[in-house]
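Novice: My structure is below; once you've seen it, I'll send some questions.
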Number of protein chains: 2
Amino acid sequence: MANGFNPRDAAHLTDEDAAHVARRQRLLGPAYRLFYKTPVEISRAKGVFLYDKHGNEYLDAYNNVVSLGHAHPRVVAAIQKQLEVLCTHTRYMQDPLLDYAETLINTFGGELGRTGCAMFTCTGSEANDLALRIARYHTRRTGVIVTAEAYHGNSGAVAAISPSLGKKSALHPCLRMIAPPDSYRLPLAEIGRRMAEDVARQIADLERHGDGLAAFIADSVFSSDGLYVDPTDVLAPVAEVVRKAGGLFIADEVQSGFGRTGTHLWGHARHKVDPDIVTLGKPMGNGYPVAGLVVRPELVAEFGASMRYFNTFGGNSVAIAAAQAVLDTVLEDNLMDNATRVGGEILDGLRTLQNKYDFIGDVRGAGLYFAVELVKDRDRKVPDMDRALAAVNALRDQRILISATGADAHILKIRPPLVFTSANAARLLEGVDNALRAVQT
Amino acid sequence: MANGFNPRDAAHLTDEDAAHVARRQRLLGPAYRLFYKTPVEISRAKGVFLYDKHGNEYLDAYNNVVSLGHAHPRVVAAIQKQLEVLCTHTRYMQDPLLDYAETLINTFGGELGRTGCAMFTCTGSEANDLALRIARYHTRRTGVIVTAEAYHGNSGAVAAISPSLGKKSALHPCLRMIAPPDSYRLPLAEIGRRMAEDVARQIADLERHGDGLAAFIADSVFSSDGLYVDPTDVLAPVAEVVRKAGGLFIADEVQSGFGRTGTHLWGHARHKVDPDIVTLGKPMGNGYPVAGLVVRPELVAEFGASMRYFNTFGGNSVAIAAAQAVLDTVLEDNLMDNATRVGGEILDGLRTLQNKYDFIGDVRGAGLYFAVELVKDRDRKVPDMDRALAAVNALRDQRILISATGADAHILKIRPPLVFTSANAARLLEGVDNALRAVQT
């Protein structure tokens, strides 16, 4: 994992932190990872700031779950109130459940907006896992196509379609991968056509293996591939090829949804595609575990008739109260406009830094999601992981939290809450400047 | 699904309910099910009671998620407080996360209590899915053995080891099933030996197919098979056979954990087995989506070193606050003693009813979990689904909520909150008596 703490590199920690790390290793075991060379202890958080037990303040430019900011008053109040009233499952009639489903579905264009139905889970992984189950049941095929560094979750089924988990995590035999729309390395005008051709080739291969395409699934900003927000004429031609082969187009909005990209509530809308299934997660409850999907009902008809799908906590009364408060806040507080405006300031600032530091190969961004790609030289565009990780840690030492992404972990991943202000942006940019200066030599 | 509402059977509904059902079909689609012939609308809940919007009170003798009762003050307060302080993930150092892991691990006997480590997910399905991933990675095999009507969750991987989802839900090619320990139909003294022999036979078959046993997984009260709480000498011989074959013994405590059975915090402890992995879910947060597992660290060492496992919401600060409040309440409020005492009153009452109604074939129970098996005649023990479903609905009409279980849905499933009082028990028993009288002819 990019930007993980290595427990063997603990000699520089304070006694207190070293003791915590050792206790954590014992109690949580070997699969857990902490962020940063020097992990961060967090005791409380509010808005865009996190605080450790000594009262030190960290600027949060990373956590997209608390998309409205930490402890957002309206969401907190909605959950607090609902906890006292009711928290039960979807097998009793509850009006708020349907009210939220309606609010959510109405945010979509196209066929999903007209006829889509919503299904609720607790996590984005569960949403993608369910989408896969539906797609495979509907198509009677198992083949899936994803991008080369895709991450779609942690369940057995979705880990097997998540190449970014690394070579030791076995992929599904009928998973096929295509190159991401690398706007830094490929000719922009060709990306859409190339991607559609790649998909067509992989479909042919799946059919040659006696299977065929159940679904193409993509995060429409390609976060784990390195964040490719442009061009936006890429996914429509892909969807056409996928549809022609009888496969489903699944838009994974766990990263790009709920206004993250500023101009559009949903990432796939930037590409003007009309997905068969949209999956939702992370920011949906601003920290409350709620996720789900919206699907064309005919695709789930046989699945629904043949077997039950029940998710004990999925869509429970409190999850729905949280999700309703989040969606209402995004829309009523014009947070997408804020993301566009403040995001524009950050993008300008990062591009200015690109003129200053020749190891910045590329700067990409949409709304409040940014990638700063560090390279060893601009001509050959060779990824510079060491410098990127050093920069992430230099920012952490200034108490500004970001991380890294991409196959080579050489891309700074910056993803502040949607309530980020111009002042926050200025502090972030100053921090990035300081960090890049520190890692310049 | 047992006890599901059939939307085609809606003619008797009030206009208001019919409108809700139609709207729900449109917004949630065909995979969602409501309980009961006449679905129940719920607007608020407190303790052991649920209320509809007209103020009608329902006695909850079914919902094991809100195991401490609806809107439990201590749990509600813990969540409300934590929401204002911090809700973040496990990649920052947080003491309460480790404190809870320690509390939890300390409740286990044997090897897990001495060296186990905890991993957090959001749902029981995710916990079982992760347990399977770990078992398969560790053993390099895919074979799994479950009981004939097992249910272990809704993700792709665990649905494929959940035969109770029905014939249209395909099972994993290397899933093998054994008969449950049917204490009503099999000679009690032979059950343990038979089950161990069945498991050995299935292991041999898995090996014959070039695979082998990754894991045996069972809910130690066999809820979806029909609730077989006795005898308790069944799982130890099974575990021995499983271990000998190099497989892992996974105890699924989603149903039987957190004191449900009264005498023991964990169902597997009634069987005196020492599992390799224990999975947790439903009541863990009294409604807050939190789940997880406890595992021997050596089993997860290679998995943990080879790939990351990160569950965005799993073990977040609020989930941990909820889980800590739940476990503390179960232990400090002596809810297991209450379950044993009040459960004993209910069991006595149900056995008295068995003398009164000859279509009650068997009554089983432990703590506050009961099965009342209805049969067409006691000699042949033929399941009587129609009468069971009629009884469930007759109870619903008295505003007492239970459901049905078993392959033939002929077993009344009664599972009240652990805070059930003697007065609640008396009302439940009177209701069951009324319902059985109503369905007698």
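The values are calculated or read from the model by the stated rules, or taken from the named source; none is laboratory data. The model shown is predicted, which means the values in this text are computed figures rather than measured ones. Glycine also receives a Cβ, built like all others from the backbone with ideal geometry; neighbour counts cover every protein chain displayed. Heads up: the accessible areas ignore ligands, DNA and RNA and are worked out on the full protein's heavy atoms, side chains in. Shrake-Rupley method; radii C 1.70, N 1.55, O 1.52, S 1.80 Å.
Novice: Within segment B:10-56, restricting attention to residues that are open to solvent by 60 Å² or more (accessible area, probe 1.4 Å) and in a loop (DSSP other than H, G, I, E, B), which residue is nearest to the other protein chains (Cβ to nearest Cβ)?
Specialist: Taking the candidates together, the pick is B:LYS53.
Novice: Does segment B:305-320 contain any residue that is part of a helix (DSSP H, G or I), at pLDDT below 95 and facing chain A (nearest Cβ under 7 Å)?
Specialist: yes
Novice: If a residue has to be of a type in the set (Val, Ile, Thr) and crowded, with 24+ Cβ neighbours inside 10 Å to count, how many in segment B:261-272 make the cut? Break it down into steps so the answer makes sense when it comes.
Specialist: Going residue by residue through segment B:261-272, those that are of a type in the set (Val, Ile, Thr) are B:261, B:263.
If we keep only those that are crowded, with 24+ Cβ neighbours inside 10 Å as well, we get B:261.
Here the count works out to 1.
Novice: Let me ask something else. Taking the condition outside the structural domain of A:HIS271 (by TED's automatic domain parsing) and of a type in the set (S, T, N, Q), does A:ASN106 pass?
Specialist: Taking the combined requirement at face value, the residue does not satisfy it.
Novice: Also, I was wondering about something else. Restricting to segment B:144-160, give me the number of residues that are aliphatic (A, V, I, L, M), more than 7 Å from chain A (Cβ to nearest Cβ) and in contact (Cβ under 8 Å) with a residue 24 or more places away in the chain.
Specialist: Qualifying residue count for the region: 6.
Novice: Limited to segment B:151-173, what total is found for residues that are surrounded by fewer than 21 Cβ atoms within 10 Å (Cβ to Cβ) and either hydroxyl-bearing (Ser, Thr, Tyr) or on the phi > 0 side of the Ramachandran plot (or both)?
Specialist: Residues meeting the conditions: 2.
Novice: Now for a different question. Restricting to segment A:278-304, what's the tally of residues that are within 7 Å of chain B (Cβ to nearest Cβ) and among the basic types (Lys, Arg)?
Specialist: Looking only at that region, the number is 1.
Novice: Related question: Tell me the residue from B:ASP362, B:ASP348, B:ASP386 that is open to solvent by 10 Å² or more (accessible area, probe 1.4 Å), outside any loop (DSSP other than H, G, I, E, B), closer than 18 Å to B:PRO416 by Cα and in the same structural domain as B:VAL419 (by TED's automatic domain parsing), please.
Specialist: One residue alone meets the criteria, B:ASP348.
Novice: Report whether or not A:ILE217 is surrounded by fewer than 23 Cβ atoms within 10 Å (Cβ to Cβ), of a type in the set (Val, Ile, Thr) and not in a loop (DSSP other than H, G, I, E, B). Give the steps one after another, and end with the answer.
Specialist: Numbers: surrounded by fewer than 23 Cβ atoms within 10 Å (Cβ to Cβ): no; of a type in the set (Val, Ile, Thr): yes; not in a loop (DSSP other than H, G, I, E, B): yes.
The answer is no for A:ILE217.
Novice: Checking B:ALA204 against (1) within 14 Å of chain A (Cβ to nearest Cβ); (2) open to solvent by 20 Å² or more (accessible area, probe 1.4 Å): exactly one of these is not met. Which one?
Specialist: Unmet condition: (1).
Novice: Considering only segment A:244-252, I want to know if a residue exists there that is farther than 27 Å from B:TYR288 by Cβ, open to solvent by less than 10 Å² (accessible area, probe 1.4 Å), part of a loop (DSSP other than H, G, I, E, B) and within 14 Å of chain B (Cβ to nearest Cβ).
Specialist: Within segment A:244-252 (the criterion being farther than 27 Å from B:TYR288 by Cβ, open to solvent by less than 10 Å² (accessible area, probe 1.4 Å), part of a loop (DSSP other than H, G, I, E, B) and within 14 Å of chain B (Cβ to nearest Cβ)), the answer is no, since none of the residues qualifies.
Novice: Given the options B:ARG141, B:ARG114, B:ARG136, B:ARG176, name the one that is without any contact (Cβ under 8 Å) to a residue 12 or more places away in the chain and open to solvent by 20 Å² or more (accessible area, probe 1.4 Å).
Specialist: Answer to the check: B:ARG114.
Novice: So B:TYR184 clears everything in (1) free of Cβ contacts under 8 Å to residues at least 24 places away in the same chain; (2) surrounded by fewer than 19 Cβ atoms within 10 Å (Cβ to Cβ) except one condition, right? Which one?
Specialist: Checking B:TYR184 against (1) free of Cβ contacts under 8 Å to residues at least 24 places away in the same chain; (2) surrounded by fewer than 19 Cβ atoms within 10 Å (Cβ to Cβ), the one that fails is (1).
Novice: Can I ask one more? Test of understanding: among B:TYR151, B:TYR137, which residue is modelled with pLDDT of 95 or more, among the aromatic types (Phe, Trp, Tyr) and either assigned to a helix (DSSP H, G or I) or not assigned by TED's automatic domain parsing to the domain that holds B:THR279 (or both)?
Specialist: Just one listed residue meets the conditions, B:TYR137.
Novice: Could you check segment A:273-304 and list, in sequence order, the residues that are open to solvent by less than 10 Å² (accessible area, probe 1.4 Å), assigned to a helix (DSSP H, G or I) and touching a Ser or Thr at 6+ places or on another chain (Cβ under 7 Å)?
Specialist: Answer for segment A:273-304, where residues must be open to solvent by less than 10 Å² (accessible area, probe 1.4 Å), assigned to a helix (DSSP H, G or I) and touching a Ser or Thr at 6+ places or on another chain (Cβ under 7 Å): just A:PRO283.
Novice: Here's another thing I want to ask about it. Counting only residues that are acidic (Asp, Glu) and assigned by TED's automatic domain parsing to the domain that holds B:ILE402, which one in segment B:57-84 is surrounded by the fewest Cβ atoms within 10 Å (Cβ to Cβ)?
Specialist: In this case the residue turns out to be B:GLU57.
Novice: Sticking with this structure for a sec: Identify, from the list B:VAL229, B:VAL241, the residue that is within 13 Å of the chain's Cα centre (by Cα) and surrounded by fewer than 24 Cβ atoms within 10 Å (Cβ to Cβ).
Specialist: Among B:VAL229, B:VAL241, only B:VAL229 is within 13 Å of the chain's Cα centre (by Cα) and surrounded by fewer than 24 Cβ atoms within 10 Å (Cβ to Cβ).
Novice: Also: Taking segment B:105-128 on its own, how many of its residues are at the interface with chain A (Cβ under 9 Å from one of its Cβ atoms) and part of a helix (DSSP H, G or I)?
Specialist: 5
Novice: Looking only at residues in segment B:90-104 that are more than 7 Å from chain A (Cβ to nearest Cβ) and open to solvent by less than 20 Å² (accessible area, probe 1.4 Å), which one is nearest to A:GLY287 (Cα to Cα)?
Specialist: B:LEU97
Novice: Let me ask another. Exactly one condition in (1) in contact (Cβ under 8 Å) with a residue 60 or more places away in the chain; (2) not in a loop (DSSP other than H, G, I, E, B) is not met by A:ASP230; state its number.
Specialist: Result: A:ASP230 passes all but (2).
Novice: Turning to a different aspect of this structure: Looking at this structure, is A:VAL273 farther than 24 Å from A:ILE402 by Cα, under 17 Å from the mean Cα position of the chain (by Cα) and in contact (Cβ under 8 Å) with a residue 12 or more places away in the chain? Spell out how you get there, then give the answer.
Specialist: Values: farther than 24 Å from A:ILE402 by Cα: yes; under 17 Å from the mean Cα position of the chain (by Cα): no; in contact (Cβ under 8 Å) with a residue 12 or more places away in the chain: yes.
Spelling it out, it is not the case that A:VAL273 is farther than 24 Å from A:ILE402 by Cα, under 17 Å from the mean Cα position of the chain (by Cα) and in contact (Cβ under 8 Å) with a residue 12 or more places away in the chain.
Novice: When the residues of segment B:321-337 are filtered to those that are open to solvent by 30 Å² or more (accessible area, probe 1.4 Å) and on the phi < 0 side of the Ramachandran plot, which remaining residue is nearest to the other protein chains (Cβ to nearest Cβ)?
Specialist: Among residues in segment B:321-337 that are open to solvent by 30 Å² or more (accessible area, probe 1.4 Å) and on the phi < 0 side of the Ramachandran plot, the one nearest to the other protein chains (Cβ to nearest Cβ) is B:GLN324.
Novice: Sticking with this structure for a sec: Do we find that A:ARG140 is within 7 Å of chain B (Cβ to nearest Cβ), basic (Lys, Arg), farther than 30 Å from A:ARG427 by Cβ and in contact with a strand residue (DSSP E or B) (Cβ under 9 Å, 6 or more places away or on another chain) in this structure?
Specialist: It is false that A:ARG140 is within 7 Å of chain B (Cβ to nearest Cβ), basic (Lys, Arg), farther than 30 Å from A:ARG427 by Cβ and in contact with a strand residue (DSSP E or B) (Cβ under 9 Å, 6 or more places away or on another chain).
Novice: Of the numbered conditions (1) within 14 Å of the chain's Cα centre (by Cα); (2) within 12 Å of another protein chain (Cβ to nearest Cβ); (3) open to solvent by less than 10 Å² (accessible area, probe 1.4 Å), B:PHE258 fails exactly one; give the number of that condition.
Specialist: Here B:PHE258 clears every test but (2).
Novice: Let me ask you something else. Could you list, in sequence order, all residues of segment A:415-441 that are under 16 Å from A:PHE49 (Cβ atoms), open to solvent by less than 10 Å² (accessible area, probe 1.4 Å) and among the aliphatic types (A, V, I, L, M)?
Specialist: Within segment A:415-441, A:LEU418, A:ALA425, A:LEU428 meet the criteria.
Novice: Check B:LYS81 against each of (1) under 30 Å from A:ILE402 (Cβ atoms); (2) at the interface with another protein chain (Cβ under 9 Å from one of its Cβ atoms); (3) assigned to a helix (DSSP H, G or I) and name the one condition it does not meet.
Specialist: (2)
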